[in-house]
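Taking it in order: structure first as structure tokens, then the write-up.
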Amino acid sequence: MTYRWKQDSYYVYLTGTNKGDRYNVSQEYRPKVVSDAPAAVLAEKDRFDGIYERKFYTPDYSKSFKGRIVGFDQGKETISVQTKKSRLTISLDKLSERDLAYYEEIKDLVIASKSLGLSIKENKAKAERNGRASTVNTNFAIGLANRSSQPIQELEIKYVASHKVDTLDGPPVLTSTSGSVDVTSLFGNYHETIYTDMVPIIRETRPGVSSSG
């Protein structure tokens with residue numbers, strides 16, 4: 001297992017290895033190359049809102065390649081980047097400060113994209129009659145499962161429930177109800193169920209026409 005600390009001008013790596021009944025610890029200092037991003041790089045206006053193909057740079061911004069982060073190893077301090085031709089494993093100290101900032105912002109999203117399971121179940125209450133109108137209060141149970149051992153932080157589940165509302169003077173009208181549910185933390189190997197707000201589904205019938213079905 002390797003732990004990494006970032007100082008102003010160098011990185012400190014503390015590595016532990018298990019050899020039989022002994023545990024050896026070694027410490028290594030590596031100089032950190034810090035360069036200001038050139039104007040052309042700053043003009044790219046890097047985004048931190050998702051996992052997408054982007055340009056990665058060496059610490060001095062002299063070389064670059066395009067790819068998308070698909071995984072990482074916190075113990076080895078590496079990331080996996082999928083390019084158009086292959087998958088690369090890259091040490092964090094081979095990346096620019098700009099890329100490290102991006103990695104820190106989206107690593108929880110990488111965990112979620114690989115480990116988060118999602119299920120949706122519709123819940124209907126008993127229909128309530130009011131003259132020719134029949135109302136069924138409906139919501140959805142959203143099941144979230146974290147299949148990894150690491151917690152997933154700060155989830156926001158956005159939903160849009162589309163449904164039709166019957167009218168007496170014409171065809172049903174398509175409408176929608178939207179909302180969001182926040183989950184502060186989903187622990188590793190844990191399942192949680194959250195519920196959306198209730199949506200009243202209203203059906204109206206003309207005389208002699210059944211509202212069932």
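The values are calculated or read from the model by the stated rules, or taken from the named source; none is laboratory data. The model shown is predicted, which means the values in this text are computed figures rather than measured ones. Quick reminder, even Gly has a Cβ in these numbers, built from the backbone with ideal geometry, and neighbours come from all protein chains shown. Note: areas computed on protein heavy atoms with side chains; ligands, DNA, RNA excluded. Shrake-Rupley method; radii C 1.70, N 1.55, O 1.52, S 1.80 Å.
Worth a mention:
- Residues of the range 83-100 that turn out to be exposed (fewer than 15 other Cβ atoms within 10 Å of the Cβ) and closer than 12 Å to Arg54 by Cβ, as a count: 1
- Qualifying residue in the range 83-98 (condition: over 30 Å from Gly143 (Cβ atoms) and within 18 Å of the chain's Cα centre (by Cα)): no
- Boolean, Glu104 is acidic (Asp, Glu), open to solvent by 20 Å² or more (accessible area, probe 1.4 Å) and within 17 Å of His163 (Cβ to Cβ): no
- The number of residues in the range 114-138 being open to solvent by 100 Å² or more (accessible area, probe 1.4 Å) and among the hydrophobic types (A, V, I, L, M, F, W, C) comes to 2.
- Restricting the range 142-163 to residues that are closer than 19 Å to Pro200 by Cβ and open to solvent by less than 70 Å² (accessible area, probe 1.4 Å), the residue that is farthest from the chain's Cα centre (by Cα) is His163.
- A Cβ distance below 8 Å, combined with a sequence gap of six or more or placement on separate chains, defines the contacts here; from the range 190-206, residues that are more than 15 Å from Glu156 (Cα to Cα) and of a type in the set (Phe, Trp, Tyr) reach residues that are surrounded by 13 or more Cβ atoms within 10 Å (Cβ to Cβ) and at pLDDT 75 or above in the pairs Tyr190/Ala145; Tyr190/Asn146.
- From the list Asp197, Asp169, the one residue that fits, being part of a loop (DSSP other than H, G, I, E, B) and modelled with pLDDT of 80 or more, is Asp197.
Okay, residues lined up against (1) at pLDDT below 90; (2) in a loop (DSSP other than H, G, I, E, B); (3) open to solvent by 50 Å² or more (accessible area, probe 1.4 Å):
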| site | (1), (2), (3) |
| --- | --- |
| Tyr3 | yes, no, yes |
| Val25 | yes, no, yes |
| Tyr29 | yes, no, yes |
| Ala40 | yes, no, yes |
| Tyr52 | yes, yes, no |
| Gly71 | yes, no, no |
| Gly75 | yes, yes, no |
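- Considering residues of the range 178-192 that are open to solvent by 60 Å² or more (accessible area, probe 1.4 Å) and in a strand (DSSP E or B) only, the residue nearest to Asn137 (Cα to Cα): Ser178
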